[in-house]
1. If you scan the range 18-48, which residues turn out to be part of a helix (DSSP H, G or I), of a type outside the set (A, V, I, L, M, F, W, C) and modelled with pLDDT of 75 or more?
2. Which one is modelled with the highest pLDDT, of the residues in the range 84-109 that are surrounded by fewer than 13 Cβ atoms within 10 Å (Cβ to Cβ) and closer than 17 Å to A43 by Cβ?
3. Exactly one of these conditions fails for T7: (1) under 27 Å from A144 (Cα atoms); (2) at pLDDT below 80. Give me its number.
Amino acid sequence: MLDVNWTLFVTASIVLILVPGQDMILVMSRSIAQGAAAGMATATGVCSGLIAHTIVAALGLGALIRASEWLYLGLQLAGAAYLACLGVQLLRAPQGPLEIAGAARVRPSRLFLDGALSNICNPKIAVFYLAFLPQFVAPGAAHATLSLFVLGLAFAVLALLVKAPIGLCAAALSGWLRAHPQALVWLFRASGVVLLGLALQLGLQQPF
């Protein structure tokens, strides 16, 4: 049995995945330029790239969580602070239209690779995994490394379940957002509020 807070993890993950960021823009731009299949290939690549960060985070943090409750507390507070910073950034996001860059036509295999590399080579994703995943594993967990690995894979699967449909309907979605720019602003603000709430809950939660 894995010592994981699944309810909080799934809630926080979906909120983070839904926020339009580098990955989302990449998927949408490929879909608009080349069609739904291109968006799907890119989304699959993007989510596959998360697996590399999962392995690094699991191997590096598993031992720390098992070793000391003080180390766990430090990770917990650092992770909560990270989520709070993300929340503040979203609340302060500029009120501008969604900009989606065009993309030259390329093979699906190249689209997959581009999507994977966009995450593998992004240091922000590594920092995110190191700060985010430990929040949902109990301190002193007997299978901390396995728990982190499963959480990382679960995050990648959730990302694919969200990004793949967005890739399929990107043209309509981007058109709607361009016609309703305030909708994106309120999406940012709502996500920011939710992230601040999650940061507070994570920072104050007792070991489970």
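1. Kept after step one, since they are part of a helix (DSSP H, G or I), are these residues of the range 18-48: 18, 22-34, 36-48.
This time we only want the ones that are of a type outside the set (A, V, I, L, M, F, W, C), so: 22-23, 29-31, 34, 39, 42, 44-45, 48.
Result: D23, R30, S31, Q34, G39, T42, T44, G45, S48.
2. It comes out as S109.
3. Tallying (1) under 27 Å from A144 (Cα atoms); (2) at pLDDT below 80, T7 fails exactly one: (2).
The values are calculated or read from the model by the stated rules, or taken from the named source; none is laboratory data. All of these numbers come straight from a predicted model, not from anything done at the bench. Reconstructed Cβ throughout: ideal geometry from the backbone, glycine too, with neighbour counts over all protein chains shown.
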